[in-house]
Amino acid sequence: MADVSPSCPSVSGPRKVAVVTLGCKINQYDSSGLAAGAESAGHTVVKDPAEADVIVVNTCTVTGKTDYKGRQLIRKMIHENPSAVIVVTGCYAQVQPDSLARIPGVDYVLGNSAKPTLTAKISELVKRSRPEVRVGEIRGGCGFDEELPEVHSGNTRAFLKIQDGCNEACAYCIVPRARGRSRSLPWDLVLKKLDTLARKGFQEVVLCGIHLGVYGLDLSPKTSLAALLEKVEAEGLIPRIRLSSIEPNEVEDDLLRLFSSSRCLCPHFHLPMQSGDGAILRAMGRRYTPEGFADRVLTVRKFLPEAAIGVDVIAGFPGEGEAEFRNTVEMLRFLPVSYFHVFPFSRRPGVAASKMAGQVAPSAIHERAAILRGLGQEKRSLFYESFLGRELEILVETSRDRETGMLKGVSRNYVPVLFGGTDCWKRSLVQVKVSCVKGRRVFGEISPLSGQVLGSAAPP
């Protein structure tokens with residue numbers, strides 16, 4: 001007990017808990033699970049960390065910049081609520097626990113392997129003069145947390161983690177060290193969780209994973225993502241099923257045939273391209289060529305002409321000169337993609353790329369990222385404008401657009417639309433005619449037949 005702060009004696013009984021999240025959909029899902037576990041244990045989950053007795057910071061470590069954001073967020077929580085117990089968990093905590101433990105005011109640092117046991121111990125957490133660090137080895141693999149998070153009923157879209165971990169070794173990526181080896185949720189439990197979410201009224205579920213395309217290869221007997229989606233289609237539990245990111249070489253023709261004939265699978269693929277130069281892709285450790293990536297994008301467009309195709313691209317990977325960067329820009333300009341996520345290369349310890357020759361100057365990385373973002377905005381606008389005058393099925397969200405006060409929602413192919421209407425349309429599927437595109441904002445008008453067409457209750 002020598003490390004327990006004398007100003008904060010042990011507390012038993014219900015506590016107020018805030019869960020603050022950085023990073024990807026998987027982290028968001030895990031945070032939902034932590035919040036649900038806290039409520040199940042009799043605690044109260046609060047949105048405002050200033051009101052909390054315990055603050056859980058679920059960190060991300062995908063880049064050096066996210067590490068910095070994580071440290072800043074932790075210090076902000078400590079400054080704004082110095083009496084709260086500060087628990088840091090997630091991928092940054094798993095990979096670099098000592099750097100987080102050195103932040104004054106942190107009480108616990110828990111790796112991803114310790115995360116599932118956190119909520120059962122909330123009543124025992126106390127302020128400490130020296131942080132407790134519990135980080136176990138995760139690269140050998142660990143079990144899949146099969147508890148279904150309670151997703152707040154106000155949301156229209158739920159995230160469901162069906163795969164975790166990664167067996168690859170991309171030169172820029174630290175995720176395998178943070179998440180462990182690939183592991184999958186058995187398909188019968190996936191269907192059970194979808195049924196639970198359907199009963200809660202969710203109209204869309206995003207199936208998430210770190211390496212989603214290898215879903216099922218670790219199960220016994222082995223299965224596949226396509227086989228799972230066939231079962232999901234047959235059950236018809238949720239009107240919309242969307243995939244998170246999937247590797248381009250795992251978007252096979254059989255999967256695209258399934259999407260093209262599906263009633264529920266959303267025509268939306270997010271593909272990590274990373275570079276359009278062959279030598280850079282080899283240095284990254286990627287398992288495809290520029291030609292192979294282009295083939296997959298064009299094949300998606302052939303099977304699903306109106307699909308949204310997003311890509312991830314890294315600016316300034318080591319060895320990327322002007323010629324290599326130009327190859328990436330020209331490839332993206334040529335391909336019928338819908339939007340980009342641009343990541344400036346971040347040199348950080350623990351990944352092979354940090355030690356590679358040919359490191360690119362930060363000023364050049366910044367300049368290239370700006371060029372890519374500009375091209376990405378052009379592509380996004382062209383994609384949105386292709387639906388002018390067309391009707392799209394929109395899932396209406398529960399909150400209105402802050403700037404305009406209009407209703408907002410997203411189409412099956414990931415077009416966000418703003419439109420006028422009453423609150424009775426919230427959480428409904430409606431038909432909206434696209435009337436105007438202004439940059440990243442799309443405006444439309446709701447069809448008077450929406451209630452009859454999609455089975456929603458027509459407004460009074």
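The values are calculated or read from the model by the stated rules, or taken from the named source; none is laboratory data. Remember, predicted model here, so these are calculated numbers, not experimental data. We place every Cβ from the backbone using ideal geometry, glycine too, and count neighbours over all the protein chains shown.
Here are some notes:
- Residues of the range 387-397 classified as part of a loop (DSSP other than H, G, I, E, B) and surrounded by 15 or more Cβ atoms within 10 Å (Cβ to Cβ), total: 2
- Some residue of the range 154-161 being of a type in the set (V, I, T) and farther than 27 Å from L429 by Cβ: no
- Residue match in the range 404-413 (condition: under 22 Å from A308 (Cβ atoms), crowded, with 20+ Cβ neighbours inside 10 Å and hydroxyl-bearing (S, T, Y)): yes
- When residues of the range 31-71 are limited to those that are assigned to a loop (DSSP other than H, G, I, E, B) and out of contact with any helix residue (DSSP H, G or I) (no Cβ under 8 Å at 6 or more places or on another chain), the one surrounded by the most Cβ atoms within 10 Å (Cβ to Cβ): A52
- Search result, residues across the range 200-230 that are closer than 29 Å to K426 by Cα, out of contact with any strand residue (DSSP E or B) (no Cβ under 6 Å at 6 or more places or on another chain) and either outside the structural domain of W187 (by TED's automatic domain parsing) or at pLDDT 95 or above (or both): L229
- Subset of the range 223-238 that is closer than 24 Å to P272 by Cβ and assigned to a helix (DSSP H, G or I) - its residue that is farthest from the chain's Cα centre (by Cα): A227
- Among the conditions (1) farther than 18 Å from S338 by Cβ; (2) in a helix (DSSP H, G or I); (3) at pLDDT 95 or above; (4) not small (G, A, S), Q377 misses just one, which is (1).
- When S153 is tested against (1) at pLDDT 90 or above; (2) over 18 Å from R242 (Cα atoms); (3) touching a Gly at 6+ places or on another chain (Cβ under 8 Å), only condition (1) is not met.
- Those residues of the range 369-401 which are within 14 Å of L332 (Cβ to Cβ) and of a type in the set (V, I, T), in sequence order: I371
- Candidate set: the range 181-191, residues that are touching a residue at least 40 places away in the same chain (Cβ under 8 Å) and out of contact with any strand residue (DSSP E or B) (no Cβ under 6 Å at 6 or more places or on another chain); chosen: the one farthest from N155 (Cα to Cα): R181
- When V432 is tested against the conditions (1) touching a helix residue (DSSP H, G or I) at 6+ places or on another chain (Cβ under 7 Å); (2) crowded, with 21+ Cβ neighbours inside 10 Å, the lone failure is (1).
- Hits in the range 196-222 (condition: assigned to a helix (DSSP H, G or I) and in contact (Cβ under 8 Å) with a residue 12 or more places away in the chain): T196, L197, A198, L212, G213, V214
- Selected residue (criterion: surrounded by the most Cβ atoms within 10 Å (Cβ to Cβ)) from residues of the range 231-263 that are more than 19 Å from R296 (Cα to Cα) and not aliphatic (A, V, I, L, M): R240
- In the range 2-11, the condition of being buried (at least 17 other Cβ atoms within 10 Å of the Cβ), modelled with pLDDT of 85 or more and either in a loop (DSSP other than H, G, I, E, B) or touching a strand residue (DSSP E or B) at 6+ places or on another chain (Cβ under 9 Å) (or both) is met by no residue.
- For the range 323-343, the condition holds for at least one residue, the condition being that it is closer than 13 Å to Y172 by Cα and of a type outside the set (K, R).
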